1. Under the 0.36 nm per residue contour assumption, what length would be gained going from the current alpha-carbon distance of Val439 and Ala285 to full extension?
2. For the chain, give me the percentage of DSSP beta bridges that are antiparallel, rounded to the nearest 5 percent.
3. What residues from the range 172-216 fall in the zone where the backbone N is under 14 Å from a label point 7 Å along the Cα-to-C-beta line of His461?
4. Below 21 Å, Cα to Cα, which lysines can Lys179 reach? Residues fewer than 8 away in the same chain don't count.
5. Provide Ser490, Ser394, Ser120 in ascending order of the number of other Cβ atoms located within 10 Å of each residue's Cβ, fewest first.
6. Longer than 26 Å from Cα to Cα, which of Lys98/Lys182; Lys288/Lys499; Lys181/Lys269 are they? Say none if no pair is.
7. Could you pull out which residues in the range 160-195 have an amide N less than 11 Å from a spot 7 Å beyond the Cα of Lys471, following the Cα-Cβ vector?
8. State the answer as a single residue: which of Ala206, Ile245, Gly266 lies farthest towards the positive end of the charge dipole of the range 194-270, with beta carbon charges of +1 for Lys and Arg and -1 for Asp and Glu, about the Cα centre.
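All of the numbers you see were taken from the coordinates with simple rules; none came from a lab. Keep in mind the model is a prediction, meaning the values are calculated, not measured. Because the Cβ atoms are built from the backbone with ideal geometry, glycine has one as well, and the counts that use them run over all protein chains shown.
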Amino acid sequence: MTTKREFMTFLALPFLAILLAAATAVAQGGQEQHTSELSKVVRLNRAPVSNEILKVHLPRPVVTKLSNGLTVLVLERHKLPIVNFILWIETGAMSDPKDMPGLAGFTAEMLREGTAHRTSAQVAADVDNIGATLNAFAAFGSTVSSVMASGLAPNASQILELMSDVVLNPSFPSDELEKYKKRQLSDLEQERSQPYTLGEEQFRRAVYQGFPASVTLPTPESIKAATPERLKDFHDRYYVPSDAILGVAGDVKQDEIMALIRKSFGDWKGQPVPKNDWSHLPPPAPTKIYLVDRPDSVQTNILAGNYGARRIDREYPALVVMNQVLGGGPQARLFLNLREEHGYTYGAYSHVGDDNYREAWQANTEVRNAVTDGSMEQLMAEFKRIRDQKVPESELNEARHAIVARFALSLEQPVTVLFDWMIVQDEGLPMDYWDRYPVQVAETSPEAVQTVAQKYVDLPHLQIVCVGDPKQPGNDQKQTIRQVLEKYGSVEVYDTNGKRED
């Protein structure tokens, strides 16, 4: 799953990637060579880095609550004549009914397909005529549904009017819904052919068991069962102002934009929605290996992990640092080991989530069938090393600087800063959270990294998913992939529809 902050980084302008590459080069500080205990790769030509802690102070938005309960954040940024709007409905796919996975997504994505005042074609034409963007989605595993719009600041009034029309007055026309359902069925068939999608589905089921975050895809049955009435019922129940946050960032003035927001959203009504408590997760399951049988696959996709932490948790910054050391990029241990040293893969990474519940910590890689055994061996060795040994100070320093540099560069984008403040509102973080975050990262000690590694790289409860052809050779001894995996734990085999085969 993509984290909230990663999604906004994905939306940032392309030149940010160039800046981040430069920052990574700078972040690999110190002149001495460093050789890991498991890898012979030597890091050379690294630029020196200042050991001073980078001080970052985010510009603060003005927070206003309207009389109907809508929370509004306004962040004035006048560098470019652009305005961005982000609306979070604090009910997302995590609240899908069990009999209709995908309902939150269906509802959000159909908002643009017609309102009480506009047809689908008219919505599209009105958006295009002012050169704006308007999109809505509710990703699986997320606790929010999102509506996003942007355009030139002089068109802020028209953008807000369009945005409020699709949010407040969707009609969910049956003819457009039928077209949407056909597209969804086709997309689902395509999705179920993708190895990473299959791996993510089985991984979330293994980690979250019956918890709502275990669901990653709709079903053909849920798509076919979607009706205008079901979408309208979901919308009327959950799309309410008291359960929403509207963020604005760009070339706007506080008083003027608030007047426009009151005009567009001031009459929004609805009954408050009880808050969900996402803190009660099933107990971690014992380690097991799930093999998804994808016939004729030439690669094995490997995912491994378990519960992570919430951003509000005290140890979250240390977990981010640990993840950076282990698999946070091409300078991290997994990449250096599996790609640079052994040549098993094009890349190997790990990832930490950041939602209101304990998003999974996960490592992943795609390897040639014949090196499945060696790849599993090296993954497990790196997991054990990060738990059993303190990270050398030079390596830790590189990771800390990379995180802080990446964070600082991301603040060049007003929409990213706005997004950070919406996270503060949504997750109940203290108002100085982002000011303290770089300091917390920079001050993370080797002992703290080892402590979080021992807690979250939880080997007795590690869930491992492999997607590939069980009958293909997984090592030089011609043992099959299934036989190879049985060396690392009990194996269950599933087909590409998620049904157990044995």
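1. Working: separation 154, 0.36 × 154 = 55.44 nm, distance 3.48 nm.
Gain on extension, Val439 to Ala285, equals 52.0 nm.
2. Here the share of antiparallel DSSP bridges comes out near 75 percent.
3. Only 206-211 fall inside the zone, counting backbone N under 14 Å.
4. Here the lysines satisfying the reach criterion relative to Lys179 are Lys224, Lys232.
5. By the 10 Å Cβ count, ascending, the order reads Ser490, Ser394, Ser120.
6. Too far apart for the 26 Å limit: Lys181/Lys269.
7. None, by backbone N distance to the label point.
8. Ala206
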